[in-house]
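Input: a single structure, listed below in structure tokens.
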Ligand code: HEC
């Protein structure tokens with residue numbers, strides 16, 4: 001049997017009672033680096049658990065995957081915009097990345113006349129633009145009709161043509177934002193402008 005290590009300097013440290021396979025232990029304090037690592041791990045666990053499970057502050061893995069998938073879907077849609085395809089417009093209108101880009105454009109260029117709520121004259125009779133959230137449209141409410149209105153404008157009535165300013169992608173985004181306030185298949189009425 002190899003010789004036992006010398007006893008620690010501190011005479012207060014005793015040999016513990018048990019013996020396993022002829023091995024005995026001193027009753028020593030754990031080293032500080034070890035204890036602090038343990039306490040740090042416990043603290044990390046509490047903060048991590050709170051952030052992920054309780055507060056919802058941290059992005060969950062599922063949400064991160066959804067966000068990444070939405071970005072990929074948005075990039076694909078943006079690379080193959082087909083303004084004559086209503087179904088594609090509804091997909092864009094359900095994609096948060098697309099809709100968010102559209103919201104930014106809307107909030108900088110359109111709210112002067114249609115208001116931030118999109119409700120235009122319905123919210124404030126002094127507003128220049130009509131309500132874009134109701135199902136009554138002046139120029140048709142299918143996605144391609146809405147795109148055509150936004151793209152070409154209604155110059156005689158004070159609605160500017162936006163595609164020359166924004167380009168096709170941004171125009172499609174802003175239309176997706178308008179459509180995000182609507183449902184596919186909702187009943188559309190077209191008011192003939194007087
Ligand atoms: C200078 C004021 C003005 C701005 C800015 C403006 N619009 Fe309009 N918009 C109008 C007016 C006025 C009409 C109604 C046209 C008519 O009476 O035929 C209209 C009509 C529309 C319609 C058709 C509504 C329907 O019932 O058919 C859509 C869609 C629309 N605007 C979207 C937009 C978007 C998107 C933007 C920003 C990119 C925008 N507008 C910016 C004034 C504006």
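Against the main long axis of the alpha-carbon atoms of the chain, helix 96-109 sits at an angle near 50°. Distance between the pseudo-spin-label points of residue 58 and residue 72 (7 Å out from Cα toward the beta carbon): 2.4 nm.
Cβ crowding within 10 Å, taken as a proxy for footprinting-reagent exposure, orders 19, 156 from fewest neighbours to most as 156, 19. Neighbour counting of Cβ atoms within 10 Å sorts the residues 36, 26, 177, 20, fewest neighbours leading, into 20, 36, 26, 177. Computed over the range 9-154, the percent of Cα pairs more than 21 Å apart is 68. In the range 109-150, one over the average inverse separation of all distinct C-alpha pairs is 10.4 Å, which is the Kirkwood hydrodynamic radius.
Computed on the chain, with alpha-carbon pairs under 8 angstrom and 6+ residues apart, the relative contact order is 18 percent.
Taking the C-alpha atoms only, the angle from helix 32-49 to the longest principal axis of the chain is near 30 degrees.
Label positions at residue 168 and residue 33, each projected 7 Å from the Cα along the C-beta direction, are separated by 6.4 nm. Compared with the dominant Cα axis of the chain, that is its longest principal axis, helix 143-152 is turned about 70°.
Coordinate-derived values only; no laboratory data. Quantities reported herein were computed from a predicted structural model and do not represent experimental measurements. Every residue, glycine as well, gets a Cβ built from its backbone with ideal geometry; the counts of neighbours run over all protein chains shown.
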